[in-house]
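Below is one structure, written out as structure tokens; comments come after it.
The values are calculated or read from the model by the stated rules, or taken from the named source; none is laboratory data. What you see is a predicted model; the values in this text were computed from it and never measured. A quick note on method: Cβ atoms are made from the backbone with ideal geometry, for glycine too, and the neighbour counts reach across all protein chains shown. The protein model used for the area step is the full one, side chains on, heavy atoms only, and it has no ligands, DNA or RNA in it. Shrake-Rupley method; radii C 1.70, N 1.55, O 1.52, S 1.80 Å.
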Amino acid sequence: MVIKQKHLIEFQIYYLMIVEMLIDLLHFPDIIRYVLDVNAIFLILLGLPKIKDIINDKVFNKFNAYVFTYMFALVAFSIIRRTPIGQVAWAARNNFLNIIFIFTCGYTLKQKDIYKILDRVERLQILNVLCVIYEFLVINKSGDNIGGMFGTASGCNGYLNVYIGIITAYVFTKYANRKTSILNVLWVSLSSMVIAVAAELKFFFFELIVILILSVTLSRLSAKNGLLIVSAVVVLYVGFQVLTTVFPESAELLQNFNDLNEYTATSYDDTRISRATPFSQINDYFFKGNLFYNLFGYGFGACEDSTTFSWANSKFATLYRDLQYRNISTSMNFIETGIIGLLAFAAIFIFLFNLASKQKHKIPEQRNMLVFTQISAVIAFLNIWYNSSLRRPIGFLIFFCLSTVIVISREKEKKADEGEKQEETSLPPKKSYFKKKNNKVRRYI
């Protein structure tokens, strides 16, 4: 039996959607989580013959070269600085498997595969809602411990935030492309807002506004945009009213910018790294203003944390695990790779946003799905500062969505090449002047 890569990609996405639920709600062993790693590595091995396509891609050659140079530089510089190889390997697992997934999907899937997977991921919102109801009302979970189908472990709502952000962006762009109804838009966005309230995902209120603005401004102007705006305003209003009823303190926080700014700058205690001030805290605790560390950090993998594998655990993590620096991509990237590494990582999403923008003009019939890619890039960019989703398995979903621009571009090029070949084969055979001349000479003879 031949195993197709696209089926393994589908498995990766669907399994990602349920594995945390299996572990936390149905009490499967934690080890089943690593099936995602095994499958991702297997996909990389199966994709090795496509390296030639990646190198020769005229549209994405600069982006591809940038990403692989970025990954090589992190590893090489870390090895030069004598970071233990086990920690470097674990850092590569946490950071690179997700990134490489964009190439696995981009150079394997077709547009119809993207649509099929995203449609099924969107329909899983029903399961997600049922899980949230069970967690909130039956087993009395709250806040960070409500993750819907992503389980109840601490920080699971980070996975949840990415999921509801992605499916909301998807239905918005589908509606603009006349691929779904306004009722479906209301169902997905309203259910996502109620879920966000239950999980105290205050960030989703801001995220929804960003998704709406991008959906309207980057898509074609139409009457549907007006209806989309009205729907989003209704969703925000309903969500805020529910939040006011259930968590009045959180509602008050969202209404006061000074309180909100203070909230983001404050951690659960006075020592943990916060979202708003990671650079100053890390300098106070560790770098002490050292320019080299500020630029390049301690080294890729030097601060990795693993309670499962001792060879992947760093001395730094053993000493400072309680600071929870790994919970935010900003702080983790800054500690290990400095400001240069952090900016280089963020540039990946800026690069993809710009590539999708250029492709919109070249492939106007795919404008809305390219807008979805742009919104996904912005969601990824925001989550660098919000949590550590891009370093966790939910990152596979983000990079799958980002691969849409590569899939669309490659499919367009393939159709163009096929059209040129058909034109060449349909041209009548050229008449030979010399053949006619020879015939005339023969007649005279």
Kindly rank 351-359, 192-200, 40-48 from highest to lowest mean number of other beta carbons found within 10 Å of each residue. 192-200, 351-359, 40-48
How big is the charge dipole of the chain about its Cα centre, in debye rounded to the nearest 20, if each Lys and Arg gets +1 on its Cβ and each Asp and Glu gets -1 on its Cβ? 3720
When the dipole is taken about the Cα centre of the range 42-159, and only Lys, Arg (+1) and Asp, Glu (-1) are charged at their Cβ, what size is it in debye, to the nearest 20? 420
Listed residue (Ser189, Tyr115, Leu127) projecting farthest to the positive dipole end of the range 74-196, Cβ model: Tyr115
Projected-area average for the range 115-187 over all orientations - Cα convex hull basis, square nanometres: 4.9
For the range 269-413, whose charge dipole is built from +1 on Lys and Arg Cβ atoms and -1 on Asp and Glu Cβ atoms, the candidate among Trp385, Gly395, Val371 with its Cα farthest towards the positive end is Val371
Could you please state how large a percent of the accessible area of the range 275-366 is carbon and sulfur, counting protein chains only and using a 1.4 Å probe? 60
Size of the chain as Cα extents on the principal axes (Å, biggest first): 107, 57, 46
Note, Arg123: beta-carbon cut-off 13 Å, +1 each Lys/Arg, -1 each Asp/Glu, net +1
By average C-beta atoms within 10 angstrom, highest first, the peptides 142-149, 361-368: 142-149, 361-368
Over the alpha-carbon set of the range 144-225, work out the extent along each principal axis and list the three values in angstrom, largest first. 42, 20, 15
To the nearest 20 debye, what is the magnitude of the charge dipole of the range 108-214 about its Cα centre, counting +1 on the Cβ of each Lys and Arg and -1 on the Cβ of each Asp and Glu? 520
Scoring only Lys, Arg, Asp and Glu (+1, +1, -1, -1) among other residues with Cβ under 14 Å from the Cβ of Phe309 yields -2
Could you check the simple spin-label distance between Arg81 and Tyr34, using points 7 Å along Cα→Cβ, in nm with one decimal? 2.7
Using a 10 Å cut-off on Cβ atoms, rank the peptides 107-113, 211-217 from the highest mean neighbour count down. 211-217, 107-113
Choice from Tyr66, Tyr325, Tyr298 showing the highest fluctuation, given a GNM over the chain with Cα pairs closer than 10 Å: Tyr66
For the cross-link pairs Lys174/Lys362; Lys110/Lys202; Lys358/Lys415; Lys116/Lys360, which exceed 29 Å when the distance is taken from alpha carbon to alpha carbon? Lys110/Lys202
Using the Cβ atoms and a cut-off under 12 Å, what net charge is assigned to the surroundings of Phe351, where Lys and Arg are +1 and Asp and Glu are -1? +2
Accessible-area composition of the range 1-110, carbon plus sulfur, in percent [1.4 Å probe]: 71
Compute for the range 7-118: radius of gyration divided by Kirkwood radius, i.e. Rg/Rh, restricted to C-alpha atoms, rounded to two decimals. 1.02
Going by alpha carbons, how many degrees (0 to 90, nearest 10) lie between the helix axis of 156-176 and the longest principal axis of the chain? 40
